[in-house]
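The values are calculated or read from the model by the stated rules, or taken from the named source; none is laboratory data. Just so we're clear, the structure is a prediction, and the values are computed from it rather than from any experiment. Cβ atoms come from the backbone with ideal geometry, glycine included; neighbour counts cover every protein chain shown. With ligands, DNA and RNA removed, areas are computed over all heavy atoms of the protein, side chains included. Shrake-Rupley method; radii C 1.70, N 1.55, O 1.52, S 1.80 Å.
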Amino acid sequence: MGRLDGKVAIVTGGNSGVGAVTAELFAKEGAKVVISARRLPQLEEVAEKIRANGGEVLAVPTDVSKVEDVENLVNKTVEAYGKIDILVNNAGVLEEGLKPVDKFSDEDLEWVLGINTKGCLYCTRAVLREMVKTNSGSIINLDSVAGQFGTGGAAYVTSKAAVIGLTKHTAMRFAGTGIRCNSVNPSTIVTPMTMKQDPAKLDQDMFGQMRKHMNLSVPPCMPADVANILLFLASDESRAITGQVIVSDFGATL
């Protein structure tokens, strides 16, 4: 308890899965938490759970692919709490079917890049304007082994590989200032997003190639497994760590 006392954290995609579990854990550890997602009813459900357990939370409906929504999220956070110490770029989407590079659709590409990549850039840029005022802050990008090893649909892999580059760039840009940026790259996580995949619609050629490079018998991550890593990176315990890409997959990609 108390590992985030006095800190203010934004968690995007805080309505379910890793985002919801992370928000609950951060609040339990003393942070004032701002959760965002596109659907307010789901956000409020998470917020009520946090309040019921004695935590402090603000729910702000946000589409991270829209600059104006991101600016509103940051403005509302500063109005409520005066600062931003932590950003967890967790909002993300997954296209259906694991479409490879020779079969992806333009619609999938625009949608996935808009949220997974542009959304991460927009949120990072916006919070940095606040973090530079105190020369402190931890930005954590919820990425994927797909971006590191290519194991996924082309649009998703591209969106996540770009975020690895953004992580390295942000860490380099602010090295020595007290502002840190790291990435957590899980393999499959048991969340509503991943469980929506219809096995009948998977591209079997792509899935077969993935099987050659991943040990699919290893257990998947649960949201709490990832949230615990995010807590460490958000806390001052990890103050010397920046620019790192941490794989959390029980060794599936070794």
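Which of (1) surrounded by fewer than 14 Cβ atoms within 10 Å (Cβ to Cβ); (2) at pLDDT 95 or above; (3) not aromatic (F, W, Y) does R125 not meet, given it meets every other one?
Here R125 meets the rest and fails (1).
Table: residues versus (1) in contact with a strand residue (DSSP E or B) (Cβ under 8 Å, 6 or more places away or on another chain); (2) open to solvent by less than 20 Å² (accessible area, probe 1.4 Å); (3) among the polar types (S, T, N, Q).
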| site | (1), (2), (3) |
| --- | --- |
| S36 | yes, yes, yes |
| V88 | yes, yes, no |
| K99 | no, no, no |
| F104 | no, no, no |
| W111 | no, no, no |
| C120 | yes, yes, no |
| V132 | yes, no, no |
| N135 | yes, no, yes |
| I139 | yes, yes, no |
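Provide a single number: the residues in segment 141-158 that are outside any helix (DSSP H, G or I) and surrounded by fewer than 21 Cβ atoms within 10 Å (Cβ to Cβ).
1
Looking only at residues in segment 121-156 that are out of contact with any Ser or Thr (no Cβ under 6 Å at 6 or more places or on another chain) and charged (D, E, K, R), which one is nearest to K99 (Cα to Cα)?
Checked segment 121-156; the qualifying residue nearest to K99 (Cα to Cα) is R125.
Taking segment 66-86 as the region of interest, how many residues are polar (S, T, N, Q) and open to solvent by less than 10 Å² (accessible area, probe 1.4 Å)?
Number of matching residues: 1.
Of the residues that sit in segment 50-65 and are touching a strand residue (DSSP E or B) at 6+ places or on another chain (Cβ under 6 Å) and either surrounded by 19 or more Cβ atoms within 10 Å (Cβ to Cβ) or of a type in the set (S, T, N, Q) (or both), which one is nearest to V21 (Cα to Cα)?
Taking the candidates together, the pick is I50.
Residue-wise test of (1) of a type in the set (G, A, S); (2) at pLDDT 90 or above.
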site	(1), (2)
G147	yes, yes
R173	no, yes
I179	no, yes
M195	no, no
D203	no, no
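Name the pairs: first residue in segment 130-146 and without any contact (Cβ under 8 Å) to a residue 40 or more places away in the chain, second residue of a type in the set (K, R) and in a helix (DSSP H, G or I), Cβ to Cβ under 8 Å, at least 6 apart or on different chains?
Cβ pairs passing all conditions: A146/K160.
I'd like the residue in segment 210-246 that is more than 19 Å from K28 (Cα to Cα), outside any helix (DSSP H, G or I) and at pLDDT below 95 and, out of all such residues, is nearest to the chain's Cα centre (by Cα).
Among them, the one singled out is C221.
Does segment 109-121 contain at least one residue that is among the acidic types (D, E), free of Cβ contacts under 8 Å to residues at least 12 places away in the same chain and within 23 Å of V163 (Cα to Cα)?
yes
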